[in-house]
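Each remark here refers to the structure printed beneath this line.
The values are calculated or read from the model by the stated rules, or taken from the named source; none is laboratory data. Predicted, not measured: the structure shown is a model, and the values here were computed from it. Cβ sites come from the backbone with ideal geometry, for glycine too, and all protein chains shown count toward neighbours.
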Amino acid sequence: MKKYLELISIFEEMKSHKSPEQIARKHKVSLGFIMKQLKMGVPIEHEHTQDNELATIIALQHLDEIPDYYSKLKKIEAPIKKKIDEQYTRIQKTGNTYTILLSWRSIPKSIQMFFPNMKRPTIEEVTFEINKIYPGAKVLSYKPSTLDPTKPYLISGEK
């Protein structure tokens, strides 16, 4: 019952927010400025919820604290986004994913790796691929597995 009451309290706190007009008056900025920030903020808050009303409430709460919250967020994230150059490769349909247990610098690690062949790779092949990421690592064991999106995942190959 205590957990339920805590959740209700959090939900009620989430629902309470000031209007854009009140926020503009509080920070002595124009309503147009707050509306522009709100327009920037709602799509960002959709990362947390698909509910448009809740995303708007979250954005208003941020703007109540910091009226230019989303402009500042954009400035902070811009250099980070430039540095991230993610590439993806379409995984071949034939092949197997293996969970590999290894030791690297005396630290045990578990990682998944996709091998694009139907035959089981040898320990030497697995070690060769792992050493591309963890130089000098020792493969302790490897076994076929299904893909677990919560674990690191690599694709073996030439690239």
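When the stretch 101-125 is filtered for residues that are surrounded by 12 or more Cβ atoms within 10 Å (Cβ to Cβ) and under 28 Å from the mean Cα position of the chain (by Cα), the ones remaining, listed by number, are LEU101, LEU102, SER103, TRP104, LYS109, SER110, ILE111, GLN112, MET113, PHE114, PHE115, PRO116.
The residues of the stretch 7-41 that are of a type in the set (A, V, I, L, M, F, W, C) and at pLDDT below 90, listed by number, are LEU7, ILE8, ILE10, PHE11, MET14.
Just one of the listed residues (ILE91, ILE84, ILE66) is more than 20 Å from the chain's Cα centre (by Cα) and at pLDDT below 90, namely ILE91. Which residues, taken from the stretch 101-124, are under 21 Å from PRO149 (Cα atoms) and not polar (S, T, N, Q)? Those that are under 21 Å from PRO149 (Cα atoms) and not polar (S, T, N, Q): LEU101, LEU102, PRO108, LYS109, ILE111, MET113, PHE114, PHE115, PRO116.
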